[in-house]
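This report refers to the structure that appears directly beneath it.
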Amino acid sequence: MLLPSVSVVVPALNEARNIPHVFPRMPPDVHEVILVDGFSVDGTVAVARELRPDVRIVRQTRSGKGNALVCGVAAAAGDIIAMVDADGSADPGEIPRFVAALLDGADFAKGSRFLEGGGSNDITRLRSLGNYLLTEFFNARYGRNYSDLCYGFNVFWRRHASVLGLDATSPPPGGGSGLLWGDGFEVETLIHVRVAKAGLVVAEVPSFEHARIHGVSNLNAFHDGRRVLQTILIERRRTRRPPLTQPPIRLRPGTVVQVVQEGTASSALVAGPEQQATGGSG
Ligand SMILES: Nc1nc2c(ncn2[C@@H]2O[C@H](COP(=O)(O)OP(=O)(O)O)[C@@H](O)[C@H]2O)c(=O)[nH]1
Ligand SMILES: [Mg+2]
C-alpha cells in the first residue's frame, strides 16, 4: 500500500537557535517541511535553509501564530498535515504516532500532554490550570471529552482543511499589523471547535511537550486565555449540533490513542489482534 505523504508545517518567529534541535528529528520520509516565517530577524530562514536545503519557506500574510499556521496549511501539498512548533517543545519524531491514528480511521489526531504516555516540561502551573478549565468548558459546550485543549501538536488529513474555515489571504485589518479572528494563539481552539462542529472523528494521541530550548514564549496566559474563552463562546453561538454518532474507528495493535466522541471518551492500548474501538457508548 502506498503510504500517505506528510507535510510538516512549522510556524517560526525568531527560532534560529531552536531549529537545529527540531529539524534533525523530522522522520526521514516526510514529503515536505514548510517553515512559515513571521518576519524573523535572527536568521531563522537562513538556518532552516542550511539545515534542510529542501525546506519550503512561506511568508505569513498577517501576524500571529494562527495566521502562520493557516498560511502553511494553504501551501501544503501532502495528504496529511502535521503542525509542529519550532521552539524545540514538540518532537517531530512523534509524527508517525499521529499518522498511525489517522490510518486507523481518525480524521484528526490531536496531541495530549495529559494522557498516559504524554507529559510536559514546558507548561506552567498557571497555564495548566487555565488549560484544564478551558478544556472542561469546551467539552461541556461541544460534547467532547478531550484531555487537552490548548496544545499545538495536531495532525490531520488535508482533505479536511476546509473545515477549519481559516483565511490565509486577506490583508491585515486596517492595513496595519492587527490580527483577524484566529490569527493569534486562539487558533488551536478555533480549529478544535470547527472540527467538533463538523463532527469529525478525533483521536487524542499522547505527546510529550519539552521545554522551549532558547528564548521565551510569545504567549500571554491572560490575554491569550481570554481569546481562547471568547473563541469557545462566540463560535458556540453559531453552532449547529454535530452529528450524534461517529463511525467506530479501527486501531492497529500497539497504538495508544484516546478516541473522543460526543460526550464520551476512552483510552486504549490496543494489545491484541485488531480490535474495534468505539470510544464508549456514544
Ligand atoms: N510565524 C510565526 N510563528 C509564531 C508566531 N508566534 C509564535 N510563533 C511560533 O509558534 C510556536 C509556538 O509559539 P511559542 O511562543 O513557543 O508559544 P507557546 O508554545 O504557546 O508558549 C513557535 O514555533 C513560535 O516560533 C508568529 O506570530 N508568527
Ligand atoms: Mg512554545
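The values are calculated or read from the model by the stated rules, or taken from the named source; none is laboratory data. These numbers were taken from a predicted model, which means no experiment stands behind them. Positions of Cβ are backbone-derived with ideal geometry, glycine not excepted, and every protein chain shown enters the neighbour counts.
Below are the figures for this structure:
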quantity: Search result, residues across region 83-96 that are surrounded by 19 or more Cβ atoms within 10 Å (Cβ to Cβ) and more than 16 Å from ligand 2 (Cβ to nearest atom); calculated: 95
quantity: Residue ID - surrounded by the fewest Cβ atoms within 10 Å (Cβ to Cβ), chosen from residues in region 110-161 that are of a type in the set (A, V, I, L, M) and within 13 Å of ligand 1 (Cβ to nearest atom); calculated: 126
quantity: Lone qualifier among 103, 69 - being modelled with pLDDT of 95 or more, under 20 Å from residue 200 (Cβ atoms) and more than 16 Å from ligand 1 (Cβ to nearest atom); calculated: 103
quantity: Residue match in region 204-212 (condition: modelled with pLDDT under 90, away from ligand 1 (no atom under 11 Å from the Cβ) and small (Gly, Ala, Ser)); calculated: no
